[in-house]
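Below is one structure, written out as structure tokens, with a few remarks after it.
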Amino acid sequence: MLGALDGVRVIEVGDESGALAGKILGDLGADVIKVEPPGGDLRARRAPFLGGARDPERSLPWLALHTSKRGVTLDLESERGRELFARLAAQADVVLETEGRAAFEARGIGFERLREEHAGLVWCSVTPFGGDGPYAGYRGGDLVVVAMGGNAAMTGDPDRPPVRCALPTAFYHAGPEAVIGILMALLGREEGGRGQHVDVSLQECQLQTLLSQPGQFAVHQRLSKRTGGKLGRTREIWPTRDGWVTFGLRGGPARIPNLLATVQYMDECGMAPDWLREMDWSSYDPNALEEGDLGRLEGAFAAFFAARTMRELYEEALKRRILLAPCNDAREIVEHPQLRERELFVTLEYPELGAAIEHPDFFAKMEPRPIHVSRRAPHIGEHNAEVLGALGLGTQELEGLAREGVL
Amino acid sequence: MILAGVKVLELGAGAAGPVATKVLAEHGARVVRIESAGRPDFLRTLFLRQNEHGLDGSPMYVLLNPNKECVSLNLKKPEAVDLVKRLVEWADVVCENFAPGVMGRFGLDAALLREIKPQLIVASGCLFGQTGPQRSYPGFGGQGSAIAGFNHLTGWPDREPHGPYATITDSLSPRYVAVAILAALLHRRRTGEGSTIDLSQIESGVYSLSELVVRWSAAGDSVGRAGNSSETCAPHGVYPCAGDDRWIAIAVEDDEQWSALVGEMRSPELADLDRFAERAAVDTRLSAWTAEQEPHALMARLQGAGVPAGVVQNTRDLLDDPQLAQRGHWVPLRHHPLGEMPFERAGFRLSESAGGLERPGPNLGEHNRAVLGGILGLSDAEIDRLIADEVVS
């Protein structure tokens, strides 16, 4: 089935920070060709591996992030490899890379050089801090970016160091953000014919997780600190019998009805003390409560949640319109009835690995051109013959290049 | 501006809705928000108790809605709904993030809007999507982040989950809404066809976490909280620096970086250590070394040696960050009545179509006359009558 970006060709080269952008473009229907060094990108084809033993063809993060792409190997440090890259780019709409423009200019295959022959080319660089400025040459992956982007300082327990998400949220924000820039450049090209450079800074993308908090600070002068499972003064994370749920004791008109519904639920279970049942919620403001009163209030809710399972609480929350949600792990996400009903997951067959693996199939349902995973991630150099053959290279020439280590 | 001429009509509330169109407005799209005084956007009400400016006094609202216009309509009145339909005829894109069914109750569901204007792009971006048994679950971003898995993944293995600061599905999902809208615009330029986009904030979070799903499905590997440790890098952590609550992140990706770090530490005896097996010992030595140093100077020194390192920047650091300043990330704009605030650019720059932020988020109904008069051609007298009849309110 055709996607919205049918007919758009993308050359993706570089590390994991750009992989999600390439996947999004591929799942939208673009023809994405991932360029790896000969032997494969061993850093992106990282652990864990299917079956456990180190084997770049069995890297699970690679399989997850490179769906809907074809794969070729090219040695960009060799003259012949660079020449083939330039020929691939000449037939592409977009080059997506993660080393920055200068690294390609130094190889003689930079944006300015390639666009001389191909004015419509769009060139997207995803780098830790962007292409200019005093930190332009600084290195950093997810942890460094989450720190420099301001999120880590406010994430975690007050008695421990700042902490990050175990999977790379810096790359998750940069992925769709890079695609926004690329699609704008493609739209602009329709008008004037010329492509342009899309310069993505992982740090600036990461700042967006703060949802304008720094700008608010300029008005309020309140510095947010790490507060563990709390948000402001009140607890957000609560232990249950088998895991944790989020639930806020925050006030405000949008939230008070759900607090009343929770007390009703507790009362039906015989776990709402008299003072709680009689509490006046109309003027409830947790910031105005005495420390002791807040402690008593939280204690009553904590005792109730601790006696129940996540699923039980969530099912009642759905019925009673309570703002409570389970802190799901992978199994709970994959089994989630709402996500199942919407067919979020697609099973891809990997006969050569003896596996069938579920992937999220789309980030949105779109009609008439649906977003979906169109193929599994490529093996190392899987499409060399197909892609380079289309440039006019014959079988013998390809074999020669492979022997020379260019492919 | 690259999106000049693109017309967007926005309905909804909170952070996820407006963030999706903020980047479009930054690049020249004309974005008109439909709001009402009777049921205000809850982002406008967040600071009601702390300011004297009422619904125009919320910094978060103002900061997340720059370059946009606001018209206030009471959608309980049929005449107001008719005005929205006329604006739909004007628009290229309708973007909304109400709970499922709300647009339908106004008589404005996606199918009907596409009937009014088949080449329209309608994007809906609620928590769980427009279909399915739990679509009406009334959550916010905090619930979305937990359901999508981010809380379970964030924190220390021996402690409760946290979730990254703020609500990550509110910052992540709107980027996907913008992606889908732009892809649909490109498709429409080529074919003339409109699109209907049904995005679930939770599903776009799970899509981002494809690695989590694949690892579980392929190998029964349930990724959990891991502090700051990494499966592929060591040392990899956040280490104390001189000062109150000052820290630096250091992530060593290979042996070359490790020997550079050991050289900076002047601890050659560490070079032969198995840095993966002896993580704890390495972290102790590293912490003792970083603890006496000023974080930004240490970052410059380590980066100079080729070691990935970054200060755990607090809010003040961000506002003073020379890199962000050079990039023009902060754009000071004056809002009435809140005064000057630093607004934020998107995460990318286009080399030949700079875009920019020119106006703070609108006050409620600020553009009633510009929109109803300027776009729909209503006379001042007609607009006065609509105000008197509380259609505009």
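The values are calculated or read from the model by the stated rules, or taken from the named source; none is laboratory data. None of the values given here were measured: they were computed from a predicted structure. Glycine gets a Cβ as well: all are built from the backbone with ideal geometry, and neighbour counts include every protein chain shown.
Just a few scattered comments:
- Enumeration of residues in segment B:19-55 that are of a type in the set (Asp, Glu) and either modelled with pLDDT of 95 or more or not assigned by TED's automatic domain parsing to the domain that holds B:Ala346 (or both): B:Glu26, B:Glu35
- Scanning segment A:71-82 for residues that are surrounded by 19 or more Cβ atoms within 10 Å (Cβ to Cβ), within 9 Å of another protein chain (Cβ to nearest Cβ), part of a loop (DSSP other than H, G, I, E, B) and in contact with a strand residue (DSSP E or B) (Cβ under 9 Å, 6 or more places away or on another chain) turns up nothing.
- Residue list for segment A:30-63, filter: under 20 Å from A:Pro370 (Cβ atoms) and not in a strand (DSSP E or B): A:Ala30
- Within segment A:161-180, the set of residues being more than 7 Å from chain B (Cβ to nearest Cβ) and part of a loop (DSSP other than H, G, I, E, B) comprises just one member, A:Pro168.
Table: residues versus (1) within 21 Å of A:Phe362 (Cβ to Cβ); (2) modelled with pLDDT under 95; (3) surrounded by fewer than 24 Cβ atoms within 10 Å (Cβ to Cβ).
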{"position": "B:Ile121", "(1), (2), (3)": "yes, no, no"}
{"position": "B:Asp158", "(1), (2), (3)": "no, no, yes"}
{"position": "B:Tyr165", "(1), (2), (3)": "no, yes, no"}
{"position": "B:Ala178", "(1), (2), (3)": "yes, no, no"}
{"position": "B:Ala184", "(1), (2), (3)": "yes, no, no"}
{"position": "B:Asp198", "(1), (2), (3)": "yes, no, yes"}
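- Cβ separations smaller than 7 Å between residues 6+ apart or across chains give the following pairs from segment B:110-121 residues that are assigned to a strand (DSSP E or B) to residues that are among the basic types (Lys, Arg) and modelled with pLDDT of 95 or more: B:Ile121/B:Arg188.
- Single condition A:Ile357 does not satisfy, out of (1) farther than 28 Å from B:Thr191 by Cβ; (2) more than 11 Å from every other protein chain (Cβ to nearest Cβ): (2)
- Odd one out for B:Tyr137 among (1) within 7 Å of chain A (Cβ to nearest Cβ); (2) touching a residue at least 40 places away in the same chain (Cβ under 8 Å); (3) in contact with a Leu (Cβ under 8 Å, 6 or more places away or on another chain): (2)
- Meets criteria (at the interface with chain A (Cβ under 8 Å from one of its Cβ atoms) and on the phi > 0 side of the Ramachandran plot) for B:Gly129: yes
- Failed criterion for A:Ser125 (all others in (1) in a helix (DSSP H, G or I); (2) within 29 Å of B:Gly205 (Cβ to Cβ) hold): (1)
- Filtered by the rule that a residue be in contact with a Leu (Cβ under 6 Å, 6 or more places away or on another chain), farther than 20 Å from A:Thr67 by Cα and at the interface with another protein chain (Cβ under 7 Å from one of its Cβ atoms), segment B:190-227 gives a lone residue, B:Val223.
- Restricting segment A:4-29 to residues that are touching a Lys or Arg at 6+ places or on another chain (Cβ under 7 Å) and assigned to a loop (DSSP other than H, G, I, E, B) leaves a set whose member that is nearest to A:Val387 (Cα to Cα) is A:Gly29.
- Residue-level analysis places B:Ala146 among those that are over 29 Å from B:Asp92 (Cβ atoms), in a helix (DSSP H, G or I), assigned by TED's automatic domain parsing to the domain that holds B:Phe348 and without any contact (Cβ under 8 Å) to a residue 60 or more places away in the chain.
- Looking across segment A:336-354 at every residue that is closer than 23 Å to A:Phe49 by Cα and at the interface with chain B (Cβ under 10 Å from one of its Cβ atoms), the one that is surrounded by the most Cβ atoms within 10 Å (Cβ to Cβ) is identified as A:Phe345.
- Test for B:Glu358: is it under 22 Å from the mean Cα position of the chain (by Cα), surrounded by fewer than 18 Cβ atoms within 10 Å (Cβ to Cβ) and within 14 Å of chain A (Cβ to nearest Cβ): no
- Any hit, segment B:296-310, residues being surrounded by 18 or more Cβ atoms within 10 Å (Cβ to Cβ), more than 12 Å from chain A (Cβ to nearest Cβ) and either among the basic types (Lys, Arg) or touching a residue at least 24 places away in the same chain (Cβ under 8 Å) (or both): yes
For every residue, the table says whether it meets (1) surrounded by fewer than 18 Cβ atoms within 10 Å (Cβ to Cβ); (2) more than 18 Å from the chain's Cα centre (by Cα); (3) among the aromatic types (Phe, Trp, Tyr).
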position: B:Glu340; (1), (2), (3): yes, yes, no
position: B:Phe343; (1), (2), (3): no, no, yes
position: B:Leu376; (1), (2), (3): yes, yes, no
position: B:Ser379; (1), (2), (3): yes, yes, no
position: B:Leu386; (1), (2), (3): no, yes, no
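- Flag for A:Pro158 being out of contact with any strand residue (DSSP E or B) (no Cβ under 9 Å at 6 or more places or on another chain), at the interface with chain B (Cβ under 7 Å from one of its Cβ atoms) and of a type outside the set (Asp, Glu): no
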